[in-house]
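Beneath this line is the structure, given in structure tokens, with notes to follow.
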Amino acid sequence: MSTPECQQVLVSVTGRDCPGITSRLLTVVAESQVRLLDIEQVRVHGQLVLVLLLGMERDKNDSVVKDLLFEAKALGIGLELKVVEEDEEALSSPPRRYAITAVADRVEATALRAISKVLAELSINIESIRQLSDSGLGCFEIIAAETGAAERTLDLRRRLLEETDELDVDLAVASEDLLRRSKRLVVMDMDSTLIRIEVIDELARMHGVVGKVSKITARAMAGEIDFEGSLRERVALLKGLEVAKVEQLAANLPLTEGAEDMLQVLKTLGYKTAVISGGFTTAAEALKDKLGLDYAYANCLAARDGKLTGELEGPIVTPQRKADLLDTIVQTEGIGHDQTIAIGDGANDMAMIERAGLGIAFHAKEKLREAADTAVSRGGLDRILFLLGLHARDVDAILKRG
């Protein structure tokens, strides 16, 4: 607390950065036996911004100020001092912080203006803005804080999405706490998420029944038939297809852009990885082997004499089973749901995405985007790394290590 004998002084330092500035200024503070209450420092394009909050006795004020100004002049930097009052509200209630990540081919000023406008309207203060991308303005992370308010991540995300609806930018909003940076598992849908195709469509094309399969898919999307029913009907049309052709397709699946980089980085950071698919085990197991995944779950195509029977074996990976399989992996690994990430593109991923600590709709339809915590509508799977607060230079360093 401030007393008649003590006061808080904010010291703002700006100028061309070089080694030793912080050391020399802190030497003045330490030798003056002044209390250092807070410190923040950033460097932007060679320019230093350093802020010190000092607690000092009033009779030492003049001496310390004189020494700091003298040192600043010798260093060729600007230094301003201001006596400030303690924030009683901040002392009684720690601020609630939010991490807002904006990702695009290029994040324009209009997008950052829209974000800052919403934060201002909600009386949420921006604490820091940092660029996570290296080349171009592709990604920014904004840390914002408010004091004395209930947690409102979902409302903040809704408001931001409304404000940026017509802008080419993906936004993620998360509570800025330890759990945001302690994820340990990523589970992914396969078709049109981890790979660029729908396996059942390609098998149907090989077998000359793609038109019939597409009609059943359309009925399922229209709500005329449930997922399991539509899957069984489509698989029945594959009866007689050679298993060798299925295996050939599985060996040459086209990966989604950025998939290998994302997985390499996450595995290096200690993540467990899984594919949970309403597709087929032949493809899922091939991806598990190729990418070094820890788990792979999908539907098993029955075969006899080297050809598909048009039936399925074992339990069907329905939308609900996707969520249940996520639970199974969580229990096996001994982690919490808050430490999981689920990525998908379709309605059958919704239960899994809602169950995960961070649900990501990837190039998905509107219904899933609304249900997910965030959406990536542009670029590849590697953009998801930005949502975890990783800087491009850290990602590059991991990838270069091979």
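The values are calculated or read from the model by the stated rules, or taken from the named source; none is laboratory data. Here the structure is a predicted model, which means the values were calculated and not measured. A quick note on method: Cβ atoms are made from the backbone with ideal geometry, for glycine too, and the neighbour counts reach across all protein chains shown.
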Handout entry: In segment 1-23, residue modelled with the lowest pLDDT [restricted to those that are surrounded by 10 or more Cβ atoms within 10 Å (Cβ to Cβ) and polar (S, T, N, Q)]
Key = 2
Practice task
Return a yes/no flag: does segment 193-216 have any residue that is polar (S, T, N, Q) and either touching a Cys at 6+ places or on another chain (Cβ under 8 Å) or under 22 Å from residue 355 (Cβ atoms) (or both).
Solution key: yes
Exercise for the section: Mind checking which strands (runs of 3 or more DSSP E) fall wholly inside segment 314-383 and carry at least 2 residues that are aromatic (Phe, Trp, Tyr) and under 28 Å from residue 107 (Cβ atoms)? Expected result: none
Problem - Only listed residue being at pLDDT 95 or above and touching a Gly at 6+ places or on another chain (Cβ under 7 Å), chosen from 368, 381, 325 - result: 381
Problem - Enumerated helices (runs of 4 or more DSSP H) restricted to segment 54-164, each holding at least 1 residues that are of a type in the set (Phe, Trp, Tyr), free of Cβ contacts under 8 Å to residues at least 24 places away in the same chain and under 24 Å from residue 40 (Cβ atoms) - result: 58-75
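Condition check ((1) touching a residue at least 12 places away in the same chain (Cβ under 8 Å); (2) over 30 Å from residue 140 (Cα atoms)) across all residues:
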position: 307; (1), (2): yes, yes
position: 335; (1), (2): yes, no
position: 380; (1), (2): yes, no
position: 390; (1), (2): yes, no
position: 402; (1), (2): no, no
Practice task
Could you list all residues from segment 10-32 that are touching a Lys or Arg at 6+ places or on another chain (Cβ under 8 Å) and either not assigned by TED's automatic domain parsing to the domain that holds residue 79 or not in a strand (DSSP E or B) (or both)?
Solution key: 17, 32
Handout entry: Positions within segment 279-317 being surrounded by fewer than 20 Cβ atoms within 10 Å (Cβ to Cβ), touching a Ser or Thr at 6+ places or on another chain (Cβ under 7 Å) and not small (Gly, Ala, Ser), in sequence order
Key = 294, 300
Problem - Top-ranked residue in segment 179-190 [being part of a loop (DSSP other than H, G, I, E, B) and not hydrophobic (A, V, I, L, M, F, W, C); ranked as surrounded by the fewest Cβ atoms within 10 Å (Cβ to Cβ)] - result: 182
Exercise for the section: Determine if segment 296-307 includes at least one residue that is closer than 27 Å to residue 202 by Cβ, in the same structural domain as residue 391 (by TED's automatic domain parsing) and either in a loop (DSSP other than H, G, I, E, B) or touching a Pro at 6+ places or on another chain (Cβ under 8 Å) (or both). Expected result: yes
Fill in the blank from the handout: Per the list (1) within 20 Å of residue 362 (Cβ to Cβ); (2) surrounded by fewer than 16 Cβ atoms within 10 Å (Cβ to Cβ); (3) not assigned by TED's automatic domain parsing to the domain that holds residue 351, residue check on residue 269 breaks on (3)
